[in-house]
Amino acid sequence: MDFKRMVTRSRLGENTPSKNQAVDRLRLVLVHDRAKVTPGLMEKLKEEIIKAITRYVEIDEGQMEMELTSCENRAELVASIPVNRIRRVSG
Amino acid sequence: MSGRVIVVTSGKGGVGKTTAVANIGTGLALNHHKVVMIDADIGLRNLDVVMGLENRIVYDLVDVVEGECTLRKALIKDKRFENLFLLPAAQRRNKDEVSPEQMKALCDELRKEFDYILVDCPAGIEQGFKNAIAGATEAIIVTTPEISAIRDADRIIGLLQANELTEIPEPLLILNRIRPEMVRKGDMMDINDVNDILAIKLLGVVPDDEVIIVSTNKGEPAVLSRNTKAGMAFRHIVQRIQGEAVPFMPMDFDLGIFGRLRKMFINK
């Protein structure tokens, strides 16, 4: 007996609002749509990430991989960045 | 003082662009502005029928652009109003027969004489869309509170922002065919959801209203009827376009606890 579901259903006959599903799905779909459609977005993003990171670490830019994935109802930016050396930063 | 060229677009078909153009154009004309509506949906003429002007067409947009006739000859004056004109689409041609440059030249010409030039944009993102936005100085995006419509609207917004050829600043949003009862039950996205996702300024919200079908049947835009919800919504939209600050009306599902109780008993 799924009590939780019974209680949710019996409360004035309401089910889980479908519009919330719509909003979540839309957000996810739009992350990917906009990434695909905006010219050079991923390249520019990658360049800026490299700029920020290389202040602190020396990386192998050629082997760096970055992609936008969908994972369990969420979009994720996943980067794989080989690190050669941590720079000695003063101060 | 040059006229405002407003393109009404959406991406998705059937969400209410033509209805919006007809009602906004009529509303502006009722407020004594000089208005021309251009049906830019070449090959799929519709604005004429919604306006009840289908029997008056002699020349069309393609005729003007090809020099077959003067602009003056092709413009249909709506006799019900002081200064409302229609430039119909061609029914037998296709959208490649007009170029963005020609559309821009046409709009620039019309701007000298008219206060408002409304362009009814076809669905899609191809040549028809590119033509329709070419001469525009402002854009209105129409969407319904449904996933596919909003997704397409987002694409259109992206295209407008990326397009360096147009002068269009941030577009405004009309949320069309909202159903307060479904919103109340959580089965339809509301204006806050849509606003969150699309993030452009809201021009107006129009409820789903049977009067739209009746008004199209008759060829009399709903804005002419004083006491319908859709008519009122379009009248407010017109006022906001004119620069007046009109507050957004609460949807009637927002009745508060007593209203809800009352509804419960009445629906017994």
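The values are calculated or read from the model by the stated rules, or taken from the named source; none is laboratory data. The shown structure was predicted, so the numbers you read here are calculated from the model rather than taken from an experiment. Virtual Cβ from ideal backbone geometry, glycine too; neighbours counted across all protein chains shown.
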Item to check | B:G14 being under 18 Å from B:S215 (Cα atoms) and either within 19 Å of the chain's Cα centre (by Cα) or in a helix (DSSP H, G or I) (or both) | outcome: yes
Item to check | Residue ID - surrounded by the fewest Cβ atoms within 10 Å (Cβ to Cβ), chosen from residues in segment B:8-39 that are within 16 Å of B:G128 (Cα to Cα) and small (G, A, S) | outcome: B:G14
Checklist entry - Going by the structure shown, is B:I168 assigned to a strand (DSSP E or B), hydrophobic (A, V, I, L, M, F, W, C), in contact (Cβ under 8 Å) with a residue 40 or more places away in the chain and more than 14 Å from chain A (Cβ to nearest Cβ)? => result no
Checklist entry - Regarding B:I150, is this residue on the phi < 0 side of the Ramachandran plot, in contact with a Gly (Cβ under 8 Å, 6 or more places away or on another chain) and in a helix (DSSP H, G or I)? => result no
Item to check | Tabulated pairs, segment B:69-89, first under 17 Å from B:V119 (Cα atoms), second of a type in the set (G, A, S) and surrounded by 16 or more Cβ atoms within 10 Å (Cβ to Cβ), C-beta under 7 angstrom, 6+ apart or interchain | outcome: B:N83/B:A29; B:L84/B:G25; B:L84/B:A29; B:L87/B:A74; B:A89/B:A40
Checklist entry - Restricting segment B:133-147 to residues that are surrounded by fewer than 22 Cβ atoms within 10 Å (Cβ to Cβ) and of a type outside the set (S, T, N, Q), which is farthest from the other protein chains (Cβ to nearest Cβ)? => result B:E138
Checklist entry - Taking segment B:192-204 as the region of interest, how many residues are closer than 23 Å to B:A222 by Cα and surrounded by 17 or more Cβ atoms within 10 Å (Cβ to Cβ)? => result 2
Item to check | Any chance B:P207 is touching a strand residue (DSSP E or B) at 6+ places or on another chain (Cβ under 6 Å), within 14 Å of B:N23 (Cβ to Cβ), crowded, with 17+ Cβ neighbours inside 10 Å and away from chain A (no Cβ under 12 Å) | outcome: yes
Checklist outcome for this item: Note on segment B:94-132: residues surrounded by fewer than 17 Cβ atoms within 10 Å (Cβ to Cβ) and not in a helix (DSSP H, G or I) are B:N94, B:S99, B:K112, B:E113, B:I125, B:E126
Checklist entry - All but one of (1) within 14 Å of chain A (Cβ to nearest Cβ); (2) touching a residue at least 24 places away in the same chain (Cβ under 8 Å) hold for B:L202; which doesn't? => result (1)
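So that you can scan it fast, the table gives a plain yes or no per residue for (1) on the phi > 0 side of the Ramachandran plot; (2) β-branched (V, I, T):
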site	(1), (2)
B:V8	no, yes
B:G14	yes, no
B:G25	no, no
B:H32	yes, no
B:I38	no, yes
B:V49	no, yes
B:R56	no, no
B:F85	no, no
B:R92	no, no
Checklist entry - Across segment B:155-165, what is the total count of residues that are within 12 Å of chain A (Cβ to nearest Cβ) and within 17 Å of the chain's Cα centre (by Cα)? => result 2
Checklist entry - So which of A:V57, A:V23 is modelled with pLDDT of 90 or more, surrounded by 15 or more Cβ atoms within 10 Å (Cβ to Cβ) and on the phi < 0 side of the Ramachandran plot? => result A:V23
Checklist entry - If you check B:K130, B:K185, which single one turns out to be under 23 Å from B:G3 (Cβ atoms) and either of a type in the set (K, R) or within 14 Å of chain A (Cβ to nearest Cβ) (or both)? => result B:K130
Checklist entry - Considering B:V62, B:V58, which residue is crowded, with 21+ Cβ neighbours inside 10 Å and free of Cβ contacts under 8 Å to residues at least 40 places away in the same chain? => result B:V62
Item to check | Hey, B:L160 among the aliphatic types (A, V, I, L, M), at pLDDT below 95, crowded, with 19+ Cβ neighbours inside 10 Å and in a helix (DSSP H, G or I) or not | outcome: yes
